[in-house]
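Every read-out reported here was derived from the displayed coordinates using simple, explicitly stated rules and does not represent laboratory data. Bear in mind the structure is a predicted one, so any value in this text is a computation, not a measurement. We place every Cβ from the backbone using ideal geometry, glycine too, and count neighbours over all the protein chains shown.
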Amino acid sequence: MTVRDIGIIAKTGQPAIAGSFHTLVLQPTSFCNLDCTYCYLPDRRSRRLMPVPVATACARSVEQQRSVHPVSVVWHGGEPTATPIDHFRELLAPFEELRRAGRVRHEIQTNATLINQRWCDLFAAYEFEIGVSIDGPDSLNLNRLDRAGHATTARTIRGMSALAEAGLQYSVICVVTPETIDHPDELVAFFTDLPGCESVGFNIEEQEGAARTAVSEEAAYQFWSRLVRHRLAGGRLRIRDLDRLADYLGATRAGRADHGPYEPIPTVGHDGRTVLLSPELLGITSPRYADFIAGNVRYEPIGGMLARARELRYVAEFVAALDDCADQCAFYDFCRGAQAGNRYFEHGTFTARETAYCRTTRQALIRAAADQLTP
């Protein structure tokens, strides 16, 4: 594949989008046992399962890529642990040779409500990196409800306790909403005290699907400022967002910052249909972009889809927008152009340069860190 296949960033002369992938998101089931108020997934009531031949085709795509870096195979959903565990084990089998060779590592993002000892044993056997989704203590976790409208905090904590008792560490993703943005101290205290929690990533609520009141840029700035002050005061909770910024600053000072192209995130649905750039596009349809599907992994390797990615209207528009970001935005070097899904869900197009995600998750974070670190 040549850089011309993907398109280049004029300012850097580099490919806009990488021709290989380091993350592969798989949907073992479209079903989720929860009904979170901010969820964007359209098929979360369907109990469809990924057939083993789809997993086999995904493993073949990884093998054909011949990357020097291991590929993170991220089992997402729906709720991946809603997959019958014996079937889930069958889906892992095609990757096992690659995993043992160090070419694949498994990750899972789960609400943890269904985790039991059998799941803990599977995670340990296949050396899973585990991510749990919870938005804080019960008073701040009010958006994560089950299908009867009941709170789920206690069930998630029970699942996390099972992981900790099995000696398995996990990270947390916390969605920060307009209702919780003003409670950073409570969130930090809660996650600091969770047994087995090694880090937390704070995702400022994004506009995906149904419209909700957005988090303001000023509220996000105050939130990040408080987290930076917590870190400077010696807080022991690892915060993904601050760690990434610190890593970037350290690498930049040392002259070894990674200025590579945008990393595609191929996402494969239960039936093998594949979208590029952003997992949030799976299952979405649009008059402008149809169904975003690049192909079906059962019939074409993902590398082939990436090689002709610019034939897709949404990819071509995104490449043009990235070029505009690199030319116009002072935050591009750290942000690398934000996320493709946010452009679509906020603007209905991929051509927009700036999004609320940019302002609240990247720009507000950098400004908060700069203000707290500057005498």
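For region 3-310, the Cβ-based charge dipole about the Cα centre amounts to some 820 debye (Lys, Arg positive; Asp, Glu negative; other atoms uncharged). The loop-placed trypsin sites (Lys or Arg not before Pro) in region 234-339, going by DSSP, that have at most 13 neighbouring Cβ atoms within 10 Å of their Cβ come out as 236, 256, 288. Which net charge results when you count Lys and Arg as +1 and Asp and Glu as -1 among the other residues whose beta-carbon is under 15 Å from that of residue 168? Around residue 168, the charge tally is -3. Computed over region 51-113, the P(r) curve from all C-alpha pair distances, binned at 10 Å from the origin, holds 21, 53, 23, 2 percent per bin. Considering only C-alpha atoms, what is the centroid distance from region 97-158 to region 10-33, in Å? Using only Cα atoms, the two centres lie 22 Å from each other.
What does DSSP give for the chain in terms of the percent of beta bridges that are antiparallel, rounded to the nearest 5? Beta bridges within the chain, antiparallel portion: roughly 30 percent. The residues packed around residue 355, meaning those with a beta-carbon under 10 Å from its beta-carbon, carry a net charge of +1 if Lys and Arg are +1 and Asp and Glu are -1. Overall form of region 164-274: rounded. Here a/c, set by the Cα gyration tensor axes a ≥ b ≥ c, is under 1.5. Compute the signed sum of charges (Lys and Arg +1, Asp and Glu -1) over the other residues within less than 11 Å, Cβ to Cβ, of residue 94. Summing Lys/Arg as +1 and Asp/Glu as -1 gives -2. Computed from the C-beta positions of residue 296 and residue 40 and an R0 of 25 Å, the FRET efficiency is 0.65 to the nearest 0.05.
Loop-located trypsin sites (Lys or Arg not before Pro) across region 1-86 with a Cβ neighbour count of 15 or fewer within 10 Å are 11, 45, 47, 48, 66, with loop assigned by DSSP.
Across region 323-375, what fraction of all alpha-carbon pairs, as a whole percent, falls in each successive 5 Å bin from zero upward? Computed distribution, short to long bins: 4, 21, 27, 23, 12, 7, 3, 1, 0.
Please give the FRET efficiency for residue 90 paired with residue 251, using the beta carbon to beta carbon distance and R0 = 51 Å, rounded to the nearest 0.05. That pair, residue 90 with residue 251, gives E of 0.80. Dimensions of region 1-146 from C-alpha coordinates, computed as largest minus smallest value along each principal axis and given longest first, are 49, 37, 26 Å.
The GluC sites (Glu not before Pro) of region 49-147 that DSSP puts in a loop, and whose beta carbon has at most 16 other beta carbons within 10 Å, are 127. The ranking of 247, 35 from fewest to most other beta carbons within 10 Å of each one's beta carbon is 247, 35. For the chain, adding -39500 (n - 2.57) for each run of n ≥ 4 DSSP H residues and dividing by the number of residues yields -10500 deg cm²/dmol at 222 nm. Taken over the chain, the alpha-carbon convex hull comes to 141 cubic angstrom per residue. Under a Gaussian network description of the chain, with springs only between Cα atoms under 10 Å, the residue in 283, 196, 235 that fluctuates furthest is 235.
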